[in-house]
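Just below is one structure, and these are the notes that go with it.
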Amino acid sequence: MNLKQIAGVAHRPESIPAGVVVLTHGAGGNRDSPLLQQICDEWARRGFLAVRYNLPYRRRRTTGPPSGSAAGDRAGIVEAITLCRGLADGPLIAGGHSYGGRLTSMVVAAGEAQVDVLTLFSYPVHPPGKPERPRTDHLPDITVPTVFTHGTSDPFGTPAEVRDAAAMISAPTEIVEIAGARHDLRSKTLDVPALAVSATLRLLR
């Protein structure tokens, strides 16, 4: 298994993987975010091989916001999904946090990579404080089941705005609302990874 080309880290289950999960980070973050590590740990506990990887801009620079073109980062997502598809039999689930999830959803909407379920964490429905600038034009082109895990206090989209965004997708969707959480999805009372993974498995089945 050579994940160096995507700067990936694998979380392996104890038995033969039931499938593969491929996740990436938000703008300004990296593959080592606590959220991604916890989610990948949860997937491995559920019997899946989970890979968290860096987007191309993060491979070039260890800190800072996205640099270069979003098209280059989308190409990196296609590369990661293609590489990870060969790591195990079974379904492939892909997504990410914020910017990474949005670009993954764009890749899937454009038919640039095939996945079985999308899992989107803190989807940026619009920039904070700018609901007049929606980032949802491509959502009607998504034809695979999609999970949105979203904090109810996230400035990138209210619960109602996330529901409206999910309704644009023709395939089955599920929204996991994390009460009180902001964009980082931290919660003192809820097991965010367990809730998100359970929702994804429901749609997968």
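Numbers below:
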{"quantity": "GNM top mover of 136, 63, 146 - the chain, alpha-carbon springs below 10 Å", "calculated": "63"}
{"quantity": "Cα coordinate range in the chain, projected on the principal axes (Å, largest first)", "calculated": "44, 36, 33"}
{"quantity": "Values of log10 I(q)/I(0), in the order q = 0.13, 0.17, 0.21 Å⁻¹, for region 69-118 under a Debye, Cα-only, solvent-free model", "calculated": "-0.26, -0.44, -0.66"}
{"quantity": "Once exposed loop GluC sites (Glu not before Pro) are cut out (DSSP; at most 10 other Cβ, 10 Å), longest piece of the chain", "calculated": "15-131"}
{"quantity": "Value of D in µm² per second that Stokes-Einstein yields for region 1-114, Kirkwood Rh from Cα pairs, at 10 °C (1.306 mPa s)", "calculated": "115"}
{"quantity": "Heavy-atom surface of region 107-149, accessible at 1.4 Å and reported per residue (Å²)", "calculated": "39"}
{"quantity": "Estimated Rh, region 122-197: Kirkwood, alpha-carbon pairs, angstrom", "calculated": "12.6"}
{"quantity": "For region 115-164, diffusion coefficient by Stokes-Einstein and Kirkwood Rh (Cα), 10 °C, 1.306 mPa s, µm²/s", "calculated": "139"}
{"quantity": "Net dipole in debye of the chain [+1 Lys, Arg Cβ; -1 Asp, Glu Cβ; about Cα centre; nearest 20]", "calculated": "560"}
{"quantity": "Cα-centred dipole magnitude for region 103-162, charges only on beta-carbon of K, R (+1) and D, E (-1), debye, nearest 20", "calculated": "160"}
{"quantity": "Apportionment of accessible area to carbon and sulfur, the chain, percent (1.4 Å)", "calculated": "50"}
{"quantity": "Dimensionless Rg ratio for region 75-166, taking C-alpha atoms and the 2.2 N^0.38 Å reference", "calculated": "1.09"}
{"quantity": "Accessible solvent surface per residue of region 6-60, calculated while the other protein chains remain in place, 1.4 angstrom probe, Å²", "calculated": "39"}
{"quantity": "Dipole of region 117-205 [Lys/Arg +1, Asp/Glu -1 at C-beta], most positive-end residue of 162, 180, 204", "calculated": "180"}
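The values are calculated or read from the model by the stated rules, or taken from the named source; none is laboratory data. Since this is a predicted model, take the numbers as computed values, not measurements. Reconstructed Cβ throughout: ideal geometry from the backbone, glycine too, with neighbour counts over all protein chains shown. All accessible areas refer to the heavy atoms of the entire protein, side chains included, with ligands and DNA or RNA removed. Shrake-Rupley method; radii C 1.70, N 1.55, O 1.52, S 1.80 Å.
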